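Undergrad: I am attaching a structure below and will ask some questions about it afterwards.
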Amino acid sequence: MSGKRYPEEFKIEAVKQVVDRGHSVSSVATRLDITTHSLYAWIKKYGPDSSTHNEQSDAQAEIRRLQKELKRVTDERDILKKAAVDSICQCNTPFNYGRCE
C-alpha cells in the first residue's frame with residue numbers, strides 16, 4: 001500500500017498556502033485532496049523553521065552577495081578598459097585628447 005507521490009514544488013506551494021497566506025491546514029489539505037498528516041510533515045520539512053528553508057535563504061543571500069561583487073568587478077573592469085583605451089597614445093587626461101607626443 002504505497003502512498004501517492006507529489007512533486008516538491010506541489011509540497012512547497014501547499015506549505016506556502018498555510019504559512020504565508022494563513023489558510024488552515026485542514027482547509028488546504030481538503031482542497032488539495034491530501035491528508036493533514038502529510039501537510040504537517042511537509043510544513044516541518046519545508047516550513048520557515050526547516051533546515052531546507054534556511055539553506056535556501058543562505059543560498060539566496062550568497063547569490064545577492066555574488067551579484068553585488070560581480071557588479072563591482074564589472075565596473076572596475078570597465079574603468080580600467082576605458083583607461084587602457086585612453087592611454088594608447090599616453091593621453092590619459094581629458095585635456096590631452098587628440099594630442100600624442
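FYI, it's all coordinate maths here, none of it is from the lab. Fair warning: this is a prediction, and the values are worked out from it, not measured in the lab. A quick note on method: Cβ atoms are made from the backbone with ideal geometry, for glycine too, and the neighbour counts reach across all protein chains shown.
Table: residues versus (1) of a type in the set (Asp, Glu); (2) over 23 Å from Pro7 (Cβ atoms); (3) in contact with a Cys (Cβ under 6 Å, 6 or more places away or on another chain).
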| site | (1), (2), (3) |
| --- | --- |
| Gly22 | no, yes, no |
| Val28 | no, no, no |
| Trp42 | no, no, no |
| Asp58 | yes, yes, no |
| Glu62 | yes, yes, no |
| Leu70 | no, yes, no |
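Undergrad: Are there any pairs, at least 6 apart or on different chains, whose C-beta atoms fall under 7 Å, with the first in segment 33-49 and charged (D, E, K, R) and the second surrounded by fewer than 18 Cβ atoms within 10 Å (Cβ to Cβ) and outside any loop (DSSP other than H, G, I, E, B), and if so, which?
TA: Cβ pairs passing all conditions: Lys45/Thr52.
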